[in-house]
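Visitor: Input: one structure, supplied below.
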There are 2 protein chains.
Amino acid sequence: MSAMQQLSSPISSSSSAFLSHSSFNFRSKNVSVPAKRIGICKCVAVPQEAQTAYTTKVSRNANMAKLQAGYLFPEIARRKAAHLLKYPDAQVISLGIGDTTEPIPEVITSAMAKRAHELSTLEGYSGYGDEQGEKALRAAICSAFYSGLTVEQDDIFVSDGAKCDISRLQVLFGANVTMAVQDPSYPAYVDSSVIMGQTGQFQKDIQKFQRIEYMKCTPENGFFPDLSSVPRTDIIFFCSPNNPTGAAATREQLTQLVKFAKNNGSIIVYDSAYAMYTSEDNPRSIYEIPGAQEVAIETSSFSKYAGFTGVRLGWTVVPKILLFSDGFPVAKDFNRIVCTSFNGASNIAQAGGLACLSPEGLKAMHDVVGFYKENTNIIMETFDSLGFKVYGGKNAPYVWVHFPGRNSWDVFSEILEKTHVVTTPGSGFGPAGDGFIRVSAFGHRKNVLEACRRFKQLYK
Amino acid sequence: MSAMQQLSSPISSSSSAFLSHSSFNFRSKNVSVPAKRIGICKCVAVPQEAQTAYTTKVSRNANMAKLQAGYLFPEIARRKAAHLLKYPDAQVISLGIGDTTEPIPEVITSAMAKRAHELSTLEGYSGYGDEQGEKALRAAICSAFYSGLTVEQDDIFVSDGAKCDISRLQVLFGANVTMAVQDPSYPAYVDSSVIMGQTGQFQKDIQKFQRIEYMKCTPENGFFPDLSSVPRTDIIFFCSPNNPTGAAATREQLTQLVKFAKNNGSIIVYDSAYAMYTSEDNPRSIYEIPGAQEVAIETSSFSKYAGFTGVRLGWTVVPKILLFSDGFPVAKDFNRIVCTSFNGASNIAQAGGLACLSPEGLKAMHDVVGFYKENTNIIMETFDSLGFKVYGGKNAPYVWVHFPGRNSWDVFSEILEKTHVVTTPGSGFGPAGDGFIRVSAFGHRKNVLEACRRFKQLYK
């Protein structure tokens with residue numbers, strides 16, 4: 001057998017830096033990273049093969065080419081890498097990308113380990129599961145997050161994460177829809193829209209893609225768009241509690257949003273991945289708003305509740321009564337996408353999800369969320385004490401710090417240069433984010449405290 | 001917290017049969033299934049809400065509407081369900097969908113359980129991993145499957161399965177490419193092409209989508225297309241060992257294929273998910289053919305090697321020197337898709353993959369593959385002894401049985417009606433599959449033996 005015979009051979013060397021993935025995909029870690037791990041792109045132009053470059057006759061997807069502009073995290077990675085080259089001994093702290101750092105509660109990992117072991121038994125083995133997720137998990141999600149609302153268990157599609165579902169939703173919508181996003185917003189909405197061909201080119205002067213409506217969310221409007229000035233679009237991406245601003249829409253605001261969608265015949269894709277961070281009386285689900293099930297899809301995730309960023313588990317709700325203009329149920333097409341492009345979340349991850357929703361699991365998740373919320377408070381208080389206007393934080397693990405009149409990238413660089421702390425420049429989330437910095441509360445306590453100590457030194 | 005407060009509430013009932021997912025997604029199980037689990041679609045036309053049907057003004061994606069025709073497994077599910085209603089006490093055996101049935105070797109599940117437990121420790125916890133997969137796993141895949149070939153570890157993108165990667169590749173290619181598939185072939189290639197808008201309508205008379213080249217693979221041509229009569233397309237999907245015919249292309253044939261692609265400037269997407277089932281001297285990877293790395297992507301999976309159909313782990317190789325017509329590396333765009341639409345395979349599944357590629361894991365995987373190959377032999381010998389022309393089987397877990405002049409669905413129905421065994425009608429994989437039945441070798445031994453006993457009774 002090939003795989004077996006070849007095992008004794010040495011691992012093929014990977015010396016080419018021609019396509020250094022890390023250079024356009026670097027994931028900033030929350031702890032300090034030695035410079036040599038960063039993998040700077042050397043951009044060696046000539047492949048190491050002796051052959052001259054053969055090109056196929058397949059045209060590159062023009063939508064992919066549009067993407068080059070404005071992608072946030074590679075640029076942060078590049079700058080972080082350059083920083084580490086400059087300061088190889090720096091204790092860099094990342095409060096950037098929003099990666100969870102705290103261990104997953106044992107009640108949850110034990111359930112996953114148990115499921116793994118069971119897969120070695122005749123009784124416990126299972127192969128393909130339902131693409132939509134295991135019945136018990138769908139029922140538990142319905143009960144834990146949507147009890148008393150109009151959501152039913154078979155409206156819930158379990159997935160490997162909200163980000164993945166956002167792209168699947170875009171594939172479902174296709175190239176001919178128009179869309180709106182909050183400005184600033186999580187880059188995946190815009191990027192997946194560009195990939196599907198829903199947009200025109202990126203306009204460098206205004207930092208926006210053609211054909212996307214950027215709904216401005218700033219302190220002036222309480223981070224809720226002035227809907228009277230927003231043109232109709234087919235799709236409205238709306239994230240609350242918001243990444244990056246940390247703002248959570250009120251019941252009144254969401255009622256307005258649902259009404260706006262209904263008047264326009266739009267579909268809202270509501271991202272509630274941070275709902276458990278809500279401290280105030282804001283709705284946890286769009287379906288708390290009457291009529292929302294006729295106009296809204298909701299996507300969410302275990303990532304930030306249980307530290308499942310690496311385990312991969314989320315879900316999307318597509319109500320049966322959400323209909324396209326011809327009366328066809330959106331859920332039927334989404335189901336078809338899920339069955340064709342996806343094969344269900346890992347069964348082990350699903351066992352973890354079920355444990356998350358047990359009474360002990362829910363308590364443990366709340367403890368995790370509570371821990372990060374304490375971090376958030378520490379960060380908020382720090383910037384507050386330094387005289388900054390600080391937004392978000394109360395209902396989300398992100399603190400949105402205002403540096404009026406300043407360029408976000410300049411502030412990002414200043415903080416990195418002087419404190420070795422990686423943040424995220426607000427303009428990376430959209431033009432209305434300029435002048436802001438997003439500080440993530442995901443971090444070990446000691447790192448958060450140390451970062452805040454350095455902030456205080458810098459801005460005292 | 002909402003999720004917690006609501007836990008005590010009863011699970012919302014899911015009594016509506018309006019959108020019975022099982023009706024268009026049923027997964028046939030390898031063991032007998034009581035009729036009540038099947039969930040027949042009642043197609044209740046009126047949603048249970050009192051509201052009249054509100055429709056959004058969002059147009060349904062026209063590509064999704066094209067799909068309705070020709071989808072295989074729902075129809076099988078429908079017929080199986082009807083059969084179980086008719087014979088509620090029947091011991092139905094499924095040799096249909098190809099779902100693995102044997103437990104995962106303990107060396108592999110132990111590694112997954114260990115990783116799960118480690119996620120509860122400060123040292124062992126990890127959040128977001130590289131979207132492309134963990135370095136150690138990419139290195140191990142490179143070593144186990146591509147040693148001595150031109151593949152490098154950073155050419156390997158770890159995923160949640162080949163089917164998922166096929167759709168991601170289609171998103172990468174976009175709407176404007178032309179494609180060819182083997183006829184018959186695994187339905188996901190065609191369906192994902194339709195969804196992306198690469199095709200025209202389904203033509204019922206010839207059972208083909210417009211704008212797709214169906215490369216006929218029949219006993220007459222040794223299940224390898226006559227490339228001299230195949231028009232150029234941008235993309236060529238090619239699966240070997242093949243699902244459904246079980247045919248494995250020879251080195252000479254694959255050399256022809258690579259030459260054909262190179263002359264045409266096409267990109268081959270080579271599906272090698274059954275490579276470990278190869279008994280003969282056929283190549284296990286397209287990269288065994290010189291020059292293939294300039295024209296070929298390869299996708300593969302742990303599903304059928306280690307029983308990972310539910311655990312979800314696969315990979316795709318995109319060589320750095322594979323270039324679009326403008327010289328842009330395909331791998332860079334695929335990386336962008338992976339980073340935007342995907343967040344990496346579950347870290348626990350990846351720990352399992354690494355264990356699969358340890359010396360003990362490789363041995364255990366070969367044992368699993370060997371077991372299914374014994375099943376294949378039993379099925380082949382059965383049909384052979386009954387005087388049928390039998391194809392495939394030697395290098396694949398699928399037996400392709402010829403019923404010359406007969407309609408596949410009629411044969412499927414005859415077998416189901418008289419033996420209570422679910423197979424797959426060949427025409428479901430493409431028009432050239434008509435007159436054939438695919439019998440899957442994935443099953444417990446006693447079920448395979450019992451199915452063969454019934455086949456012998458029916459066709460003696």
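Visitor: Straight-line reach from B:K216: which lysines have Cα under 16 Å away, leaving out those fewer than 8 places along the same chain?
Guide: Those lysines meeting the cut-off are B:K208.
Visitor: Under 1.5 on a/c is rounded, so check that first for segment A:58-195, then, if it is not, pick prolate when a/b is larger than b/c and oblate when it is not; a ≥ b ≥ c are the square roots of the alpha carbon gyration tensor eigenvalues. Don't jump to the answer; show the numbers that get you there.
Guide: Details: a/c = 2.02, a/b = 1.30, b/c = 1.55.
Oblate shape, in that a/c is at least 1.5 and b/c is the bigger or equal ratio.
Visitor: Determine ³J(HN,Hα), in whole Hz, for all residues of segment A:310-319 in sequence, where each value follows from phi through the Karplus function 6.51 cos²θ - 1.76 cosθ + 1.60 and θ = phi - 60°; x replaces Gly and Pro.
Guide: x, 6, 6, 7, x, 7, 9, 9, 10, x
Visitor: Another question about this same structure. At B:A136, with labels set 7 Å past Cα in the Cβ direction, how many nm apart are the copies from this one, shortest first?
Guide: Reported distances to equivalent positions: 3.0 nm.
Visitor: Sort the following peptides by mean Cβ neighbour count (other Cβ atoms within 10 Å, averaged over residues), highest first: B:322-331, A:266-275. Each step should come with its number before you reach the end.
Guide: Values: B:322-331: 18.5, A:266-275: 25.9.
So the order, starting with the most tightly packed, is A:266-275, B:322-331.
Visitor: Could you sort A:Y128, B:Y277 by their accessible area in this structure, using a 1.4 Å probe and putting the largest first? Before the final figure, lay out each step's value.
Guide: Working: A:Y128 30, B:Y277 0 Å².
The ordering from most to least exposed comes out as A:Y128, B:Y277.
Visitor: I'd like the accessible area for A:H117: 1.4 Å probe, protein heavy atoms, all chains in place, Å² to the nearest 10.
Guide: For A:H117, solvent-accessible area is about 90 Å².
Visitor: I'd like the mean, over residues of B:323-335, of how many other protein chain beta carbons sit within 10 Å of each residue's own Cβ. Working shown, then result.
Guide: On the way: counts 7, 9, 6, 5, 3, 6, 5, 3, 3, 7, 7, 1, 4.
Mean partner shielding for this stretch: 5.
Visitor: Around B:I236, which amide H atoms from residues at least 5 apart in sequence, or from another chain, sit under 5 Å from its own amide H, with H modelled in the peptide plane?
Guide: B:A180, B:I267, B:I268, B:V269
Visitor: What 222 nm value per residue comes from the helices of the protein assembly as shown, counting each DSSP H run with n ≥ 4 as -39,500 (n - 2.57) and dividing by all residues, nearest 500 deg cm²/dmol?
Guide: Computed mean residue ellipticity for the protein assembly as shown: -11000 deg cm²/dmol.
Visitor: Roughly what would the spin-label model give for B:K418 and B:H366, points 7 Å off Cα along C-beta, in nm?
Guide: For the pair B:K418/B:H366, the computed spacing is 4.2 nm.
Visitor: Between B:S325 and B:S59, how high is the FRET efficiency from 1/(1 + (r/R0)^6) when r is the Cβ-Cβ distance and R₀ = 41 Å? Nearest 0.05.
Guide: On the way: r = 32 Å, r/R0 = 0.79.
About 0.80, to the nearest 0.05.
Visitor: Using Cα pairs closer than 8 Å and at least 6 residues apart in sequence, work out the relative contact order for chain B, in percent. Could you put the intermediate results ahead of the total?
Guide: On the way: 869 pairs, mean separation 91.2, N = 460.
So the answer I get is 20 percent.
Visitor: Enumerate the residues in segment B:84-114 having an amide nitrogen under 18 Å from the point lying 7 Å beyond the Cα of B:H444 toward its Cβ.
Guide: Label zone hits: B:89-105.
Visitor: Could you size up the charge dipole of segment B:106-360 around its Cα centre, putting +1 on the beta carbon of Lys and Arg and -1 on that of Asp and Glu, and report it in debye to the nearest 20?
Guide: My answer is approximately 360 debye.
Visitor: Give the long-range amide H neighbours of A:V422: residues separated by 5 or more places, or on another chain, with amide H under 5 Å away, using H modelled in the peptide plane at 1.01 Å from N.
Guide: Those lying under 5 Å, H to H, from A:V422 are A:I93, A:S94, A:L95.
Visitor: Nm distances between the label at A:E280 and the same-position labels in the remaining copies, 7 Å along Cα→Cβ, shortest first?
Guide: The answer, with the shortest distance listed first, is 7.1 nm.
Visitor: What is the dipole size for segment B:234-359, taken about its Cα centre, with +1 at each Lys and Arg Cβ and -1 at each Asp and Glu Cβ, in debye to the nearest 20?
Guide: Values: 9 positive and 10 negative charges, 55 e Å.
For segment B:234-359, the charge dipole is close to 260 debye.
Visitor: Shifting gears a bit: Measuring from label point to label point, each 7 Å out along Cα→Cβ, what is the B:K135 to B:A82 span in nm?
Guide: 5.7
Visitor: Quote the relative contact order of segment A:369-460 in percent (integer), defining contacts as alpha-carbon pairs under 8 Å separated by 6+ residues. Mind showing how you got there, number by number?
Guide: On the way: 152 pairs, mean separation 28.8, N = 92.
Averaging sequence separation for qualifying contacts and normalising by length gives 31 percent for segment A:369-460.
Visitor: If contacts are Cα pairs under 8 angstrom and at least 6 residues apart, what is the relative contact order of segment A:106-359 in percent?
Guide: Values: 448 pairs, mean separation 67.8, N = 254.
Reported as a whole number, the value is 27 percent.
Visitor: Among B:P425, B:L172, B:F442, whose Cα sits farthest toward the positive end of the charge dipole of chain B (+1 at Cβ of Lys/Arg, -1 at Cβ of Asp/Glu, about the Cα centre)?
Guide: B:P425
Visitor: Still on this structure, I have one more. Between B:I206 and the same site in the other copies, what are the distances in nm, shortest first, taking label points 7 Å from Cα along the C-beta direction?
Guide: Its label point is 4.7 nm from the equivalent points in the other copies.
Visitor: Also, quick follow-up: Buried accessible area between A and B (1.4 Å probe, both chains summed, ligands and nucleic acids excluded), in Å² to the nearest 100?
Guide: Details: alone 21730 and 21760 Å², together 30760 Å².
Buried area between the two chains comes out at roughly 12700 Å².
Visitor: Something else about it: Just counting partner chain Cβ atoms within 10 Å, what average do the residues of peptide B:304-313 show around their Cβ?
Guide: On the way: counts 1, 1, 1, 5, 4, 7, 15, 9, 12, 1.
For this peptide, the per-residue mean of nearby foreign Cβ atoms is 6.
Visitor: At 1.4 Å probe size, with no ligands or nucleic acids counted, give the accessible surface of A:S59 in Å², nearest ten.
Guide: Surface accessible to solvent at A:S59 totals approximately 70 Å².
Visitor: Could you put B:L137, A:L458 in order of accessible surface area, largest first, with the 1.4 Å probe and the full protein assembly present?
Guide: Details: B:L137 0, A:L458 45 Å².
Largest accessible area first, the list is A:L458, B:L137.
Visitor: Which whole number gives the average, over all residues in B:229-238, of C-beta atoms from other chains lying within 10 Å of the residue C-beta?
Guide: For this peptide, the per-residue mean of nearby foreign Cβ atoms is 1.
Visitor: Reachable aspartates and glutamates from A:K394, Cα under 15 Å, same-chain residues fewer than 8 places away excluded?
Guide: Excluding near neighbours in sequence, the set is A:E280, A:D281, A:E374, A:E381, A:D384.
Visitor: Now, a different point. Can you tell which of A:G310, A:S143, A:Y214 lies farthest toward the positive end of the dipole of segment A:106-359, using +1 and -1 charges on the Cβ of basic and acidic side chains (Lys, Arg; Asp, Glu)?
Guide: Ranked along the dipole, the leading option is A:Y214.
Visitor: Taking a ≥ b ≥ c as the square roots of the eigenvalues of the Cα gyration tensor of chain A, is the shape rounded (a/c under 1.5), prolate (a/b larger than b/c) or oblate? Intermediate values should be presented prior to the final figure.
Guide: Working: a/c = 1.22, a/b = 1.06, b/c = 1.14.
Rounded is the answer for chain A, as its axis ratio a/c remains below 1.5.
Visitor: Sticking to Cα atoms, compute the Rg of segment B:85-163 to one decimal and its Dmax as the biggest Cα-Cα distance, whole number, in Å.
Guide: Using the Cα atoms of segment B:85-163, the pair Rg, Dmax is 19.1, 57 Å.
Visitor: Now for a different question. A:E450: accessible area at probe 1.4 Å, nearest 10 Å²?
Guide: A:E450 has an accessible surface of roughly 50 Å² with all protein chains in place.
The values are calculated or read from the model by the stated rules, or taken from the named source; none is laboratory data. Worth saying up front: this structure is predicted, and the values here are computed from it rather than measured. Reconstructed Cβ throughout: ideal geometry from the backbone, glycine too, with neighbour counts over all protein chains shown. Note: areas computed on protein heavy atoms with side chains; ligands, DNA, RNA excluded. Shrake-Rupley method; radii C 1.70, N 1.55, O 1.52, S 1.80 Å.
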